Amino acid sequence: MQIGILYGISVGPGDRELITLKGLRILKESKVVAFPAGIGGKPGFAQQIVEQWLGSHQIQLPLSFPYVSDPVILAQAWLTAAEQVWQYLHLGQDVAFVCEGDVSFYSTFTYLSQMLQKRHPESVVQTVPGVCSPMAAASNLGIPLAVRDQRLAILPALYHVKELEIVLDWADVVVLMKVSSVYEQVWQLLDQRQLLKHTCVVERATLPEQVIYRDLRDRPSLKLPYFSLLIVKVTQS
């Protein structure tokens, strides 16, 4: 029996129309649709994006990925998820794993697919690219993310700002992902460098409840949700 394919489908940062035609076709054709499980029994973010396209004939497979940094706990979660997916793949059924943003950009899908291929080397994995939040945020800000020979740096959630200090010395444009936990520290550093006028924050990019803050000089403190990013134009184009 031919083994099913695990598809990693990028569904974008929230706007349901930002899934690609290819991603939507595979989503509808797949027997099993997997996604990160929500918290407290509520639908997860990726599940909410695609639920309007799911049919009653499809199996919905929520996978648990705990919000912790303990590598042992995470490895066990990835292993459990990989085996849950494999139970369908080895029967010849394709599984479409949907993930917000792009599956290659700080995505849970990477860990799932790596664990699956480690445990079952015969497994087949294919990915469908999509729109990630820095591009979506720049679009909604009405600005180019980078032009000409500008150097772009994208940093994940920061727990100290030393990396940011180094990056600001060489990059022309800096994007900080999930900046909420260190916003005040970042604000102070950007204030010292007189960059706040050229800095924007976008929370919940592309969603109806999206909020944009431009010119942060008078915003030393913001209560930001988890899905918030900050864009600094270090060099003016």
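Separation between the residue 31 and residue 214 pseudo-spin-labels, each 7 Å from Cα along Cα→Cβ, expressed in nm?
5.2
Could you put 132, 99 in order, starting from the residue whose Cβ has the fewest other Cβ atoms within 10 Å? Don't jump to the answer; show the numbers that get you there.
On the way: 132 23, 99 27.
In increasing order of surrounding Cβ atoms, one gets 132, 99.
Compute and list, largest first, the equivalent-ellipsoid semi-axes of the chain from the alpha carbon gyration tensor, each √(5λ) rounded to a whole angstrom. Before the final figure, lay out the partial values.
Details: eigenvalues 258, 67, 52 Å².
Semi-axes, largest first: 36, 18, 16 Å.
Report, ordered by chain and residue number, the lysines lying within cross-link reach of residue 223, taken as a straight Cα distance under 18 Å and ignoring same-chain residues fewer than 8 apart.
Here the lysines satisfying the reach criterion relative to residue 223 are 178.
From the square roots a ≥ b ≥ c of the eigenvalues of the alpha-carbon gyration tensor of region 67-181, which class results: rounded (a/c under 1.5), prolate (a/b over b/c), or oblate? If you can, show how the numbers build up before the last one.
Details: a/c = 2.91, a/b = 1.83, b/c = 1.58.
Prolate, because a/c is 1.5 or more and a/b exceeds b/c.
Does region 1-88 come out rounded, prolate or oblate, given a ≥ b ≥ c as the square roots of the eigenvalues of its C-alpha gyration tensor, rounded meaning a/c under 1.5 and, failing that, prolate meaning a/b above b/c? Numbers along the way, then the final one.
On the way: a/c = 1.89, a/b = 1.26, b/c = 1.50.
Because a/c hits 1.5 or more and a/b fails to exceed b/c, region 1-88 counts as oblate.
Fewest Cβ neighbours within 10 Å first, please rank 139, 56 accordingly.
On the way: 139 15, 56 4.
Going from sparsest to densest Cβ surroundings: 56, 139.
By the gyration tensor of its Cα atoms, with a ≥ b ≥ c the square roots of the eigenvalues, what is the shape of region 143-221: rounded for a/c under 1.5, prolate for a/b over b/c, or oblate?
Details: a/c = 1.41, a/b = 1.11, b/c = 1.27.
Rounded is the answer for region 143-221, as its axis ratio a/c remains below 1.5.
By how many nm would the segment from residue 184 to residue 51 lengthen if fully extended, with 0.36 nm per residue of separation less the alpha-carbon distance? Don't skip to the answer; put the middle values down first.
On the way: separation 133, 0.36 × 133 = 47.88 nm, distance 3.64 nm.
Difference between extended and current length: 44.2 nm.
May I ask for the distance between the Cα centers of region 187-237 and region 88-149, given as a whole number of Å?
Answer, in whole Å: 26.
Taking the chain as the reference, fit the longest principal axis to its C-alpha atoms, fit the long axis of helix 71-89 to the helix C-alpha atoms, and give the angle between the two in degrees, 0 to 90, nearest 10.
In the chain, helix 71-89 runs at an angle near 40 degrees to the longest axis.
Could you work out how far helix 108-119 tilts from the main Cα principal axis of the chain, as a 0 to 90 degree angle to the nearest 10?
Helix 108-119 sits roughly 40 degrees off the main axis of the chain.
Suppose R0 equals 22 Å. What FRET efficiency, 1/(1 + (r/R0)^6) with r the Cβ-Cβ distance, do residue 166 and residue 235 give to the nearest 0.05? Each step should come with its number before you reach the end.
Working: r = 16 Å, r/R0 = 0.73.
Step by step, r from the Cβ atoms, then E = 0.85.
Considering the options 111, 152, 89, tell which one lies farthest towards the positive end of the dipole of the chain, charges being +1 on Lys and Arg and -1 on Asp and Glu at the Cβ, about the Cα centre.
So the residue furthest toward the plus end is 152.
Report, to the nearest 10°, how far helix 183-192 tilts away from the longest principal axis of the Cα atoms in the chain, using its own Cα long axis and a range of 0 to 90°.
30
Values quoted throughout were computed directly from the atomic coordinates according to the rules given, and no laboratory measurement underlies them. Since we're looking at a predicted model, the values are computed, not measured. Note: ideal-geometry Cβ built from the backbone for every residue, glycine included; neighbour counts use all protein chains shown.
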